[in-house]
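Take a look at the structure set out below.
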Amino acid sequence: MNAPKLPICYLCGLAITGKVSRDHVVPKQMIKRLQPRAKGYDYADTIDSHETCNNLFGPEGYLRAAITILAGLNDSEAVVYKQHVTNPNLRVLFINAEKFPGLSELDLQFFGIANAPNEHPNGVPPPEFFHGRRKTNLLRDAMYTAFSVIAKSSAALLLTRHSISIPTQWKIYATAYWDQSDVFDLDEHVGKTIPFDDGLKAWIKSASADAWQVIYRYEHLVVVLLFDFATAKTNVLEQLRNTLSSCEIHAFIGGCLNDLMGPGWQPV
């Protein structure tokens with residue numbers, strides 16, 4: 001008699017020999033409504049994972065802050081760049097805290113945002129203030145955080161709804177843009193899709209025999225993802241470039257989805 005097949009953790013790709021943790025396909029942090037199952041919304045369900053993998057996927061905890069940062073960066077009145085008076089090689093991004101509401105101390109630390117004193121010429125602190133502080137790219141870091149969480153959720157949707165097997169290597173291409181309107185919808189082009197919440201929706205379609213495209217809207221952020229499951233070289237990336245020629249495309253290539261927690265995204 002054959003032993004029962006063990007469930008597989010979708011985040012690390014390994015068998016689950018102990019307790020099975022059910023990870024939400026759409027992270028709870030993205031859902032604002034109090035009732036998980038409500039008429040007119042897609043619950044999206046859960047997926048098998050190790051409890052450790054489920055609990056340690058850090059970017060989810062900073063997704064809300066990432067969206068706040070991206071919203072602020074798309075507001076011309078919220079940010080200003082200043083050149084340092086005595087060090088012309090030092091260019092500093094100043095943000096209007098009122099335009100970035102709700103950021104906690106942990107959020108500020110995670111994204112490398114520092115409170116700067118304003119009693120200096122041009123409002124820029126001396127070079128000594130920046131010693132020991134890591135150089136950051138706020139737009140990149142917020143975008144990559146959003147990419148990681150949305151790619152993880154999209155992968156879970158493909159695995160649970162489209163009979164995709166967990167690959168030995170994940171190849172994911174992503175691009176994004178900020179849509180200020182509240183009417184962005186692709187139902188007419190991709191097919192009717194039930195939202196997970198107000199302003200939260202994912203359209204999924206097959207791009208080729210071994211590739212899937214997911215267009216994921218979270219509030220005003222629209223992320224276009226291409227999952228390439230082919231073992232041989234394909235031209236799906238070129239197809240994406242041709243379709244979105246004005247957008248910068250970023251790639252994640254990793255052995256498992258847990259690698260999304262590291263510096264996995266690179267421009268291509």
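The values are calculated or read from the model by the stated rules, or taken from the named source; none is laboratory data. Quick caveat, the model's predicted, so the values are computed rather than measured. Every residue, glycine as well, gets a Cβ built from its backbone with ideal geometry; the counts of neighbours run over all protein chains shown.
Of all residues in region 170-187, count the ones that are of a type in the set (D, E, K, R) and within 17 Å of Asn74 (Cβ to Cβ).
Going through region 170-187 one residue at a time, the tally reaches 2.
Go through region 203-246 residue by residue and tally those that are out of contact with any strand residue (DSSP E or B) (no Cβ under 7 Å at 6 or more places or on another chain) and within 16 Å of His189 (Cα to Cα).
Residues flagged as out of contact with any strand residue (DSSP E or B) (no Cβ under 7 Å at 6 or more places or on another chain) and within 16 Å of His189 (Cα to Cα) within region 203-246 amount to 1.
Give just the number: which of (1) modelled with pLDDT under 90; (2) out of contact with any Gly (no Cβ under 7 Å at 6 or more places or on another chain); (3) closer than 21 Å to Ile69 by Cβ; (4) surrounded by fewer than 12 Cβ atoms within 10 Å (Cβ to Cβ) does Ala116 not satisfy?
Status for Ala116: all satisfied but (4).
Within the group Phe129, Phe147, Phe184, which residue is farther than 22 Å from Val268 by Cα and part of a helix (DSSP H, G or I)?
Phe129
Going through region 213-242 one residue at a time, which ones are of a type in the set (Lys, Arg) and more than 15 Å from Tyr177 (Cα to Cα)?
Lys233
Is it true that Gln83 is surrounded by fewer than 16 Cβ atoms within 10 Å (Cβ to Cβ), within 25 Å of Asp197 (Cβ to Cβ) and not β-branched (Val, Ile, Thr)?
no
Can you report the number of residues in region 136-146 which are of a type outside the set (Gly, Ala, Ser) and either in contact with a Leu (Cβ under 8 Å, 6 or more places away or on another chain) or modelled with pLDDT under 80 (or both)?
Residues flagged as of a type outside the set (Gly, Ala, Ser) and either in contact with a Leu (Cβ under 8 Å, 6 or more places away or on another chain) or modelled with pLDDT under 80 (or both) within region 136-146 amount to 4.
Could you give me the residue pairs with C-beta distances under 7 Å whose first residue belongs to region 1-25 and is under 20 Å from Tyr43 (Cα atoms), whose second residue is at pLDDT below 90 and among the basic types (Lys, Arg) wherever it lies, and which are 6+ apart or on separate chains?
none
Could you tell me which of the residues Thr168, Thr231, Thr193, Thr160 is at pLDDT 95 or above and either at negative phi or outside any strand (DSSP E or B) (or both)?
Exactly one of Thr168, Thr231, Thr193, Thr160 is at pLDDT 95 or above and either at negative phi or outside any strand (DSSP E or B) (or both), namely Thr160.
Residues Pro101, Pro88, Pro7: which one is closer than 24 Å to Ser153 by Cα and modelled with pLDDT under 95?
Criteria check complete, one pass: Pro7.
So, in region 199-221, exactly how many residues are assigned to a strand (DSSP E or B), surrounded by fewer than 19 Cβ atoms within 10 Å (Cβ to Cβ) and at pLDDT below 95?
Residues in region 199-221 being assigned to a strand (DSSP E or B), surrounded by fewer than 19 Cβ atoms within 10 Å (Cβ to Cβ) and at pLDDT below 95: 4 in total.
For Thr175, state whether it is outside any helix (DSSP H, G or I) and out of contact with any strand residue (DSSP E or B) (no Cβ under 8 Å at 6 or more places or on another chain).
When the stated conditions are applied, Thr175 does not pass them.
Might you let me know whether region 30-51 holds any residue that is within 20 Å of the chain's Cα centre (by Cα), of a type outside the set (A, V, I, L, M, F, W, C) and at pLDDT below 90?
yes
Here are the criteria: (1) under 27 Å from Tyr144 (Cβ atoms); (2) out of contact with any Cys (no Cβ under 9 Å at 6 or more places or on another chain); (3) part of a loop (DSSP other than H, G, I, E, B); (4) not polar (S, T, N, Q). Tell me which single one Leu11 does not satisfy.
It fails just one condition, (2).
Identify the single condition in (1) assigned to a loop (DSSP other than H, G, I, E, B); (2) closer than 27 Å to Leu70 by Cα that Leu240 does not satisfy, given that it satisfies every other one.
Checking Leu240 against (1) assigned to a loop (DSSP other than H, G, I, E, B); (2) closer than 27 Å to Leu70 by Cα, the one that fails is (1).
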